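The values are calculated or read from the model by the stated rules, or taken from the named source; none is laboratory data. No experiment lies behind these values; they were computed from the predicted model shown. Every residue, glycine among them, receives a Cβ derived from its backbone with ideal geometry; neighbour counts consider all protein chains shown. For accessibility, only protein heavy atoms count, side chains too; no ligands or nucleic acids. Shrake-Rupley method; radii C 1.70, N 1.55, O 1.52, S 1.80 Å.
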Amino acid sequence: MEFFIRLLDFLSSNRFVFFTFAILFFLVLKGMAMSKTLSSSMRKFINWIAALLMLSSILIFIFGSDFTNLLVHQYGQIGEGLVIDKAETGDMYNEEPIVQYDVLIKTKDGEMVKTTFKNTDFNLYPTPDGGYSYPPQGVAFTVKYMESGPETFIIITDDNSEYATKKTCAEQLRKLNIAKSQYDFAPDNASYREDYLRAIELYLQLKCANNSSVIDFYEQEKSDLK
């Protein structure tokens, strides 16, 4: 299983190259299938291989990262990770620069593994609601990695690591600001009032506020709303 997961991870990480190769090989196979020197059964077999290759490349191109993340989460080992450096590669994806991250992974046995990932690998699990935001340099995070090859790993986004906690708080603060803006605009709206109250309570429950004045402010806001 680990070999399959690592292969899937490699193909997903290089999905553009794999997809291009699949199209070219598909055309080659279709050309071979048209040869009259081959038997009917052989032509059917080649056509079947060509269709399977094309279907696999499309599925990997669209769903490869999500499926890989799910498998690594299920079969991987828990470790720690730290981004030690990052740099733009010079390539673009969806009009955004592709960034490569240099990472240290500490395995369950204490071994240190140096590897890399790109922001186009989409190796965050679970997929965060607020979009893909990767760990900044020097901020620790939890990983799940394949024991036979820690280079295949995912970054856990919903635990108590420094990275996940900051990300969760940032997302909740965004929701809190949305709820506050709606309530400030229409304070007589009961629905907006309830949304704002729930957002404050969740923000405080998560212990995201680390400043006494901020805590006092939202405690007072909650008191006023009630």
**Q.** Subset of region 137-168 [under 13 Å from N123 (Cα atoms) and hydroxyl-bearing (S, T, Y)]
**A.** T142, Y145, T152, T157
(Q) I'd like to verify a number: residues in region 114-147 that are at pLDDT 90 or above, of a type outside the set (A, V, I, L, M, F, W, C) and closer than 22 Å to I60 by Cα, how many? (A) 10
**Q.** The listed residue being closer than 23 Å to E201 by Cα and in contact with a Phe, Trp or Tyr (Cβ under 6 Å, 6 or more places away or on another chain), out of Y101, Y183
**A.** Y183
Q) If we scan region 52-68, do we find a residue that is surrounded by 12 or more Cβ atoms within 10 Å (Cβ to Cβ), among the acidic types (D, E), part of a helix (DSSP H, G or I) and out of contact with any strand residue (DSSP E or B) (no Cβ under 8 Å at 6 or more places or on another chain)? A) yes
Q: Hand me the list of strands (runs of 3 or more DSSP E) wholly inside region 75-177 holding 2 or more residues that are hydrophobic (A, V, I, L, M, F, W, C) and open to solvent by 40 Å² or more (accessible area, probe 1.4 Å).
A: 77-93
Q: Could you tell me whether any residue of region 182-189 is without any contact (Cβ under 8 Å) to a residue 24 or more places away in the chain, crowded, with 17+ Cβ neighbours inside 10 Å and not in a helix (DSSP H, G or I)?
A: no
Q: For region 29-44, indicate whether the set of residues that are in contact with a helix residue (DSSP H, G or I) (Cβ under 6 Å, 6 or more places away or on another chain) and open to solvent by less than 50 Å² (accessible area, probe 1.4 Å) is non-empty.
A: yes
Q. Do you know which residues across region 99-140 are β-branched (V, I, T) and within 14 Å of Y163 (Cβ to Cβ)?
A. V103, I105, V139
Q) Does E80 qualify as being modelled with pLDDT of 95 or more and acidic (D, E)? A) yes
**Q.** Of the criteria (1) within 30 Å of Q137 (Cα to Cα); (2) open to solvent by 90 Å² or more (accessible area, probe 1.4 Å), which one M1 fails
**A.** (1)
